[in-house]
Amino acid sequence: MRSTATEPGATVAIRRATARDAKRLTRLVRTSRAYEGPYAPMVEGYRIGPDYIETHQVFVAADTVTGQVLGFYALIISPPELDLMFVGDQAQGLGIGRRLIGHLKEEARRAGVTGVRIVSHPPAEGFYRGMGAEPVGTVLASPPAVMWDRPELLLGIG
């Protein structure tokens, strides 16, 4: 039996993003509750364009029944860094983030990467640490683009 994206155990597939996903990914970033309040200016006007998707390793988690995009990540291989990762508000708590991190590790391993740098949104640090990332420092605020310090972590690929 297949379930919908809003139920635990939803049928989800992770696939390479295409240029046609750009608007959906942009909407997911701009509407994320994780970026409300003091964090809102960082995603205001943020855009993920088709060119970004075509030049980076961007992967989407989508409900295989409805096609709904539930989350995504972007991995830079050289130097290895998680550039973006978002899980839609409606998909929080369904294991989508865990699945995306598992997929990221597979992709990094395939590319011969032994560790991936993560500069985390402060509220997401606990998630990344729960996935095995270790703190390695702090990236200081760089106003006006980023007004707060961010934890820097290293996700080992083993």
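The values are calculated or read from the model by the stated rules, or taken from the named source; none is laboratory data. As the structure is a prediction and not an experimental result, all values here were calculated from the model. Every residue, glycine among them, receives a Cβ derived from its backbone with ideal geometry; neighbour counts consider all protein chains shown. Only protein heavy atoms, including side chains, enter the accessible area calculation; ligands, DNA and RNA are left aside. Shrake-Rupley method; radii C 1.70, N 1.55, O 1.52, S 1.80 Å.
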Original post:
Using +1 on the beta carbon of Lys and Arg, -1 on that of Asp and Glu, and nothing else charged, what's the dipole of the stretch 13-94 about the Cα centre, debye to 20?
Top reply: 240
Subject >> Rh by Kirkwood over Cα pairs, then Stokes-Einstein D for the stretch 26-131 at 1.002 mPa s and 20 °C, µm²/s >> reply: 148
Subject >> Dipole moment magnitude, nearest 20 debye, the stretch 1-149 about Cα centre, only Lys, Arg, Asp, Glu C-beta charged >> reply: 420
Original post:
Which peptide among 51-61, 134-144 comes first, and what is the full order, when sorted by highest mean count of other Cβ atoms within 10 Å?
Top reply: 51-61, 134-144
Original post:
Taking all protein chains as present, what is the carbon and sulfur share of the accessible area of the chain, in % to the nearest whole number, probe 1.4 Å?
Top reply: 53
Original post:
Label 7 Å along Cα→Cβ of E134; the stretch 95-121 residues with amide nitrogen under 15 Å?
Top reply: 114-118
Subject >> Residue among T31, A13, P41 farthest towards the positive dipole end of the chain, charges placed on Cβ >> reply: A13
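Taking a probe of 1.4 Å, how large is the accessible area per residue of the chain, in Å²?
On a per-residue basis, 53 Å².
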